[in-house]
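Heads up: the structure comes next, in structure tokens.
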Amino acid sequence: MKRTGLSVLAAVVTAIGCIPCAAAERRAERVVVGSKGFTEGIVLGEILAATARHAGLEAVHRQALGGTQIVFKALERGEIDCYVEYSGTLTAEILRDEPVASAELLAQALAARGIAVGAELGFDNTYGLAMRRDMAERLGIRTIGDLAARSADPEVADLVFGFSDEFVQRTDGWPAVKAAYGLRQVPRVLDHALAYRGIDSGSLHVTDLYATDPEPQLHDLVLLADDRRAFREYRAMILHRADLAERAPGFVTALTSLAGTIDGSRMAAMNAAVRLEGRSEAAVAVDFLRDARGWDVAVAPADGLPRLAADLVRATGQHLLLVFVSLLAAIVVGVPAGIVAERMPALGRWILGLAGIIQTIPSMAVLVFMVPLLGLGWRPAALALFLYSLLPIVRGTASGLDSIPAHLREAALALGLTPWERLRLVELPMASRSILAGIKTAAVINVGTATIGGLIGAGGYGEAILSGIRLADPTRLMEGAVPAALLALGLQGAFDLLERWLVPAGLRTPRG
Amino acid sequence: MIVVRDVSKSFGGHLVLRPTTLEFPRGRTTVLIGPSGCGKSTLLRIIVGLVSPDSGSVTIDGETLTPATALALRRRLGYVIQDGGLFPHLSGRDNVALLARQLGRDAGWIRSRVAELADLVRLPTAALDRPPGAISGGQRQRLGIMRALMLDPAVVLLDEPLGALDPLVRYDLQEDLRRIFRDLGKTVVLVTHDMGEAGFFGDDVVLLGGGAVVQRGTLDDLITAPADESVRRFIMAHRLPGVATEGGGA
Ligand SMILES: Nc1ncnc2c1ncn2[C@@H]1O[C@H](COP(=O)(O)OP(=O)(O)OP(=O)(O)O)[C@@H](O)[C@H]1O
Ligand SMILES: [Mg+2]
């Protein structure tokens with residue numbers, strides 16, 4: 001009966017593991033749009049996807065794929081066909097070691113990667129410094145230059161600056177402004193959302209933002225003009241695969257027609273519609289296209305309960321897939337590694353040490369390594385989870401074997417069992433409780449960690465959690481967090497049942 | 001016949017067995033006695049190949065024990081471990097039948113052999129299907145004996161096999177084991193602390209002390225003609241009826 005239990009488990013897990021192989025195929029008439037993980041990126045992605053639908057193509061929007069590196073690499077590998085990037089990001093982050101001073105040089109550098117530069121949308125989402133309107137008017141400050149020029153005024157010198165960590169760190173952020181204007185204030189570093197609170201309460205006077213952020217209207221801020229051009233330009237431009245012109249000429253034409261259609265205030269208004277009014281990115285995109293181009297494109301997914309249910313089912317499937325594929329692989333590798341670790345303690349220290357080090361690598365870093373190798377989707381996420389699952393399983397196996405009393409090992413030896421028979425009939429069954437405990441730990445941790453799947457288009461509960469964080473929308477966050485917690489609990493219960501079934505009765509009687 | 005030639009063993013610099021030569025004749029029962037820690041179990045474990053001696057060799061029925069021959073030799077031995085050594089994850093029955101199953105013996109044969117052995121050691125059938133953790137110490141010892149006898153080995157090594165049994169069961173089991181050993185002509189080495197048991201089983205008693213053989217003979221020889229003071233004191237300590245004790249002043 002025990003043996004049947006194990007093989008049924010193995011069969012189920014293998015079956016689950018096969019689903020994605022079939023689903024990963026890609027058809028020709030389909031275009032894949034990508035986007036970075038913030039509201040504006042997603043709105044622009046929805047605009048590109050709706051444009052493709054208008055051009056008669058099937059469009060998939062792999063939204064919120066994470067940071068610049070992940071999305072750009074995905075485009076480079078042809079896993080997505082297009083997305084919107086900013087000129088400053090291209091030159092400062094992606095092509096920073098290449099000569100891209102002119103538009104021609106930039107186009108050349110990208111062409112070498114199979115990428116074409118498409119339309120510029122018409123806005124510059126640069127960094128900016130913003131200040132409370134009442135205070136700016138009272139002090140007569142309209143530009144960043146004024147801040148520097150009036151620094152002898154004690155009221156100006158005492159202004160409190162509060163910036164996001166990223167802005168303070170990036171060389172094209174605070175360090176650039178500080179140097180260009182000779183500003184001497186020491187900024188406080190704080191979370192962006194909290195900065196607006198500080199502005200409202202009056203404890204903070206100047207903060208950083210993006211030019212198209214909707215918050216200045218809401219919090220009554222004025223954007224200070226960058227009169228010395230300290231900030232780089234962040235002109236929004238469409239990047240697409242060069243071969244798209246052959247594969248979908250109509251789409252490329254339609255994309256080109258978007259040139260100059262979005263100015264800064266329009267982008268800010270669309271951001272506000274999502275961030276402040278709670279409208280969906282897709283609906284905002286469709287409205288924009290109707291308004292600016294006269295196209296009538298249907299909003300793809302319906303809102304409301306059916307969507308919630310459908311999303312939940314899909315996310316649960318994706319989440320389980322990630323958890324089980326990675327867990328199965330980790331069992332296949334981790335148990336033998338645990339056996340080796342116990343047999344050869346010197347090697348074992350290395351194995352456990354390595355598994356421990358892997359455990360400390362942040363998941364984002366693992367993804368940045370894996371995406372270029374494995375592309376987007378469930379594969380890199382499953383690989384990251386696999387790596388994280390190794391330590392508990394290796395350790396559970398090694399310590400389970402290690403705790404077998406010497407006289408019982410001797411008994412197995414004295415009986416005349418071969419080494420393989422001893423392992424299979426005596427040692428592994430005796431260690432089964434500890435091995436299963438390791439697998440259970442790995443599974444439960446995996447349920448939590450699998451939310452990283454939301455960063456790279458693997459889906460799962462992470463999508464809802466990440467967009468909940470991005471939009472500061474607790475309901476959306478709960479749509480991911482609650483099922484993830486329930487799944488973790490359910491899995492824990494399932495493993496407790498599995499333990500009754502798999503661990504021999506004689507080992508289950510309470511021990512010391 | 002088991003021949004132990006010039007075998008010695010020390011653990012971490014502590015000499016447990018001086019170079020010792022012993023023969024255990026075929027078809028006979030030899031009893032090993034001696035004070036606790038004198039190396040009785042170590043000697044048995046060397047014969048089974050669980051501990052490799054620092055020097056010397058072991059030959060069983062003409063075949064010398066080496067790492068290459070150990071597996072085959074062990075399958076022809078029955079070894080009852082001092083503390084039972086039953087696997088906690090298997091039922092009593094599965095413990096007894098483990099090797100037989102592995103060797104592909106027929107399930108019907110296994111079932112009847114287990115029943116026969118349970119009958120022999122007077123083990124209640126209910127105890128067969130429980131894990132070792134859920135039966136009494138005496139029942140575990142009987143399972144240990146069953147496991148050793150399962151494949152009817154020609155050579156049987158028993159390390160204090162009856163220590164945890166109540167006197168009545170022990171009495172019966174001693175009778176039965178002696179009958180089996182004699183009738184089937186087994187070569188037996190039995191370790192015990194109990195002089196009465198030693199005399200009952202052994203035509204031949206070997207007294208170990210200080211890592212060496214101190215005296216070998218019948219129990220009567222040991223009692224009537226102790227080789228030295230240590231033997232006399234060891235015998236005396238058992239307070240056997242009719243043997244002089246220190247204060248007895250015969
Ligand atoms: N693996 C080992 N490592 C170190 N010392 C050991 C080991 N095995 C046995 N010894 C020591 O060797 C000596 C003999 O042990 P052994 O078990 O053979 O004694 P024994 O005669 O069977 O005693 P008892 O009657 O108490 O069972 C003891 O001092 C014991 O502590
Ligand atoms: Mg002993």
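A few notes on this one:
- Failed item, numbered, when residue B:52 is tested on (1) within 9 Å of chain A (Cβ to nearest Cβ); (2) within 21 Å of residue B:17 (Cα to Cα); (3) free of Cβ contacts under 8 Å to residues at least 24 places away in the same chain: (1)
- When the range B:198-223 is filtered for residues that are out of contact with any strand residue (DSSP E or B) (no Cβ under 8 Å at 6 or more places or on another chain) and free of Cβ contacts under 8 Å to residues at least 60 places away in the same chain, the ones remaining, listed by number, are B:200, B:220, B:223.
- Subset of the range A:385-416 [within 14 Å of chain B (Cβ to nearest Cβ), open to solvent by less than 20 Å² (accessible area, probe 1.4 Å) and within 50 Å of the chain's Cα centre (by Cα)]: A:400, A:401, A:404, A:408
- Lone qualifier among A:213, A:227 - being surrounded by 15 or more Cβ atoms within 10 Å (Cβ to Cβ) and either in contact (Cβ under 8 Å) with a residue 12 or more places away in the chain or more than 29 Å from the chain's Cα centre (by Cα) (or both): A:213
- Every residue from the range B:210-233 that is within 16 Å of ligand 2 (Cβ to nearest atom) and either buried (at least 19 other Cβ atoms within 10 Å of the Cβ) or over 17 Å from residue B:19 (Cβ atoms) (or both): B:211
- Residue count, the range B:172-181 (criterion: surrounded by fewer than 19 Cβ atoms within 10 Å (Cβ to Cβ) and either touching a residue at least 40 places away in the same chain (Cβ under 8 Å) or touching a Gly at 6+ places or on another chain (Cβ under 6 Å) (or both)): 4
- Unmet requirement for residue A:430, which otherwise passes all of (1) within 20 Å of residue A:387 (Cα to Cα); (2) within 14 Å of chain B (Cβ to nearest Cβ): (1)
Table: residues versus (1) within 16 Å of ligand 2 (Cβ to nearest atom); (2) open to solvent by 40 Å² or more (accessible area, probe 1.4 Å).
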| position | (1), (2) |
| --- | --- |
| B:127 | no, no |
| B:136 | no, yes |
| B:140 | no, yes |
| B:162 | yes, no |
| B:166 | no, yes |
| B:170 | no, yes |
| B:188 | no, no |
| B:191 | yes, no |
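- Checked against (1) outside any strand (DSSP E or B); (2) modelled with pLDDT of 90 or more; (3) within 15 Å of ligand 1 (Cβ to nearest atom), residue B:16 meets all criteria but (1).
- Residue A:485 passes every criterion in (1) modelled with pLDDT of 80 or more; (2) open to solvent by less than 50 Å² (accessible area, probe 1.4 Å); (3) more than 14 Å from chain B (Cβ to nearest Cβ) apart from (2).
- Top-ranked residue of the range B:28-42 - restricted to ones that are open to solvent by less than 10 Å² (accessible area, probe 1.4 Å) and touching a helix residue (DSSP H, G or I) at 6+ places or on another chain (Cβ under 7 Å), ranked as nearest to ligand 1 (Cβ to nearest atom): B:34
- Among the numbered conditions (1) farther than 30 Å from residue A:508 by Cα; (2) open to solvent by less than 40 Å² (accessible area, probe 1.4 Å); (3) more than 20 Å from the chain's Cα centre (by Cα), the only one that residue B:109 does not meet is (2).
- Test: residue A:347 is open to solvent by less than 30 Å² (accessible area, probe 1.4 Å) and either under 17 Å from residue A:388 (Cβ atoms) or free of Cβ contacts under 8 Å to residues at least 60 places away in the same chain (or both): no
- Filtered residues of the range A:358-400 (kept if of a type in the set (A, V, I, L, M, F, W, C) and touching a Lys or Arg at 6+ places or on another chain (Cβ under 7 Å)): A:371, A:376
- Any hit, the range B:1-20, residues being open to solvent by 30 Å² or more (accessible area, probe 1.4 Å), over 27 Å from residue B:195 (Cα atoms) and within 16 Å of ligand 2 (Cβ to nearest atom): yes
- Filtered by the rule that a residue be within 13 Å of ligand 2 (Cβ to nearest atom) and over 20 Å from the mean Cα position of the chain (by Cα), the range B:21-64 gives no residues.
- In the range A:73-83, the qualifying residues are those that are in contact with a strand residue (DSSP E or B) (Cβ under 8 Å, 6 or more places away or on another chain) and open to solvent by 20 Å² or more (accessible area, probe 1.4 Å), and the one that is nearest to residue A:123 (Cα to Cα) is A:76.
- With respect to the conditions (1) open to solvent by 50 Å² or more (accessible area, probe 1.4 Å); (2) among the β-branched types (Val, Ile, Thr); (3) closer than 24 Å to residue A:426 by Cα, residue B:64 lacks only one, and its number is (3).
- Condition met for residue A:493 (part of a loop (DSSP other than H, G, I, E, B), out of contact with any Cys (no Cβ under 8 Å at 6 or more places or on another chain) and either open to solvent by less than 30 Å² (accessible area, probe 1.4 Å) or not assigned by TED's automatic domain parsing to the domain that holds residue A:279 (or both)): no
- Selection from the range A:274-290 of residues that are crowded, with 16+ Cβ neighbours inside 10 Å and either in contact (Cβ under 8 Å) with a residue 40 or more places away in the chain or in the same structural domain as residue A:217 (by TED's automatic domain parsing) (or both): A:274, A:275, A:281, A:282, A:284, A:285, A:286, A:288, A:289
- Each residue in the range A:230-249 was checked for being within 30 Å of the chain's Cα centre (by Cα) and open to solvent by 20 Å² or more (accessible area, probe 1.4 Å), and 8 of them qualify.
- Any hit, the range A:115-123, residues being assigned to a loop (DSSP other than H, G, I, E, B), touching a Lys or Arg at 6+ places or on another chain (Cβ under 9 Å) and open to solvent by less than 40 Å² (accessible area, probe 1.4 Å): no
- Filtered by the rule that a residue be within 16 Å of ligand 2 (Cβ to nearest atom) and more than 9 Å from chain A (Cβ to nearest Cβ), the range B:73-112 gives a lone residue, B:80.
The values are calculated or read from the model by the stated rules, or taken from the named source; none is laboratory data. Keep in mind that this is a model prediction, so the values were computed, not measured. Reconstructed Cβ throughout: ideal geometry from the backbone, glycine too, with neighbour counts over all protein chains shown. What goes into the accessible areas is simple: the full protein's heavy atoms, side chains included, and nothing from ligands, DNA or RNA. Shrake-Rupley method; radii C 1.70, N 1.55, O 1.52, S 1.80 Å.
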